[in-house]
Amino acid sequence: MKKTVAYTGNEAVAFGMKQINPDVVAAYPITPQTEIVQIFSNFVADGLVDTEFVTVESEHSAMSAVIGAAAAGARSMTATSSAGLAYMHEVVYIAASMRLPIVMQVVNRALSGPINIHCDHSDAMGERDSGWIQIYAENAQEAYDNLLQAHRIAEHPDVMLPVMVCMDGFIISHALENIELNDDAFVQDFVGSYQPDHYLLDVENPLTVGPLDMFDYYFEHKRHQAEAMRKAKQVIIDVGKAYGEKTNRSYGLYETYQLADAETAIVVMGSTAGTAKAVVNELRKQGQKVGLLKLRSFRPFPHQELAQELQHLKAIAVLDRADSFNAFGAPLFTQTRAALYDLPDRPQMINYIYGLGGRDCDLSQIGQVYQDLQQVVAQGHGGEIVRYLGVRE
């Protein structure tokens, strides 16, 4: 039986972890993620889950522990934020290279320096080429739903890659929202049991994990990783559809909002999509043909699908909550622009970097973006390509 409760994003994710009942969780506290594993540790202490909970001395150790557990055949999870994810950097790559279906909740927070505990996407963007699937949530409901889908995606035989389930720090993690929880029996049935084909504790079929991999095989192993990421696109779609058939909340690689007849649109990830939807509603009442595309899957990046959805537009603004410091645009912008490169008649595109270090992005700022897009259409060119939204210049 479903029930509606008032939960923060962290509470929702911790409850989802309880329902999944993983074999092993290893984690180290860091704001704003700490509350997730703190709540989950209470479930462990109260005997409500069968999980082996490993308290470690660092985030590097947390990822190392879940790598060992996953290699041994256990369904393994962890959670982190910001500098914790950066501290994992070496072993994050190892987890993906070993094709271990670990699920990690990332509560997005700015990276130092200066030190900052609030939201932006610089932590996850720092790992965007590590080989992990990355899925982003707009609100607490999506954070919960994404977590419940993550194991089925990661453990699919065509994928076998780790998954980051990302949500905006404080904006989602600590904000109280009404969300619909599934019952435990449904979650257990939907997630299913994990039966790996190859694992260290299978004494009948011994194997070596993590050996030195020189030029004779390293390239082929990387190519296999790339193919798994390509196949993950369809798996994400299939799992999201299956979830929607049971819950009436379907998911795909992205979501469109008032986009079909739009002339201009914003592309964005995370909680800011909710703010943008409110602005779209108001501008639509004024007769403006504006729309939105909210990207859910940043890795794998749905380049063909985005080109199809955005090709009819006259101008597009891509909003990034991180900067690449490459003097040419931030991660989501450069990838979206590349996705549209082969279109015969490409829309004008501009990039807005916004919300760094938790800077608020309000309705008026999103409204200004749509006004700027109108000017781009009227002038026939984008002008300054990379812009900073809400910063004191």
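Bear in mind these aren't lab numbers, they're just calculated from the coordinates by the rules spelled out. What you see is a predicted model, and the numbers here were worked out from it, not measured in a lab. In this analysis, Cβ positions are derived from the backbone assuming ideal geometry, glycine residues included, and neighbour counts consider all displayed protein chains.
Summary table below
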quantity: Cβ crowding within 10 Å averaged over residues, with 144-150, 203-209, 301-307, 5-11 ranked highest first; calculated: 144-150, 5-11, 301-307, 203-209
quantity: Segment R249-D197, length gained on full extension (0.36 nm per residue, minus Cα span); calculated: 15.6 nm
quantity: Cα-based Lys pair tally, the chain, threshold under 14 Å, eight or more apart or on separate chains; calculated: 6
quantity: Charged-residue dipole, Cβ positions (Lys, Arg, Asp, Glu), the chain about Cα centre, Debye nearest 20; calculated: 1040 debye
quantity: √(5λ) per eigenvalue of the Cα gyration tensor, region 276-393, largest first, Å; calculated: 20, 19, 15
quantity: Residue list for region 265-304, given a label point 7 angstrom along the Cα-to-Cβ vector of D238 and an amide N cut-off under 17 Å; calculated: 300
quantity: Residue-span extension gain [N21 to R284] - 0.36 nm each, minus C-alpha spacing; calculated: 90.2 nm
quantity: Proximal charge balance of T51 [Cβ under 15 Å; K/R count +1, D/E count -1]; calculated: -3
quantity: Charge context of S76, other residues only, Cβ under 10 angstrom, K/R +1, D/E -1; calculated: -1
quantity: Amide H partners (placed H, <5 Å) of M349, local residues excluded; calculated: I316
quantity: Formal net charge of residues neighbouring R109 (Cβ-Cβ distance under 14 Å; K, R +1; D, E -1); calculated: -4
quantity: Amide H contacts of H312 (H built 1.01 Å from N, under 5 Å, at least 5 apart or other chain); calculated: none
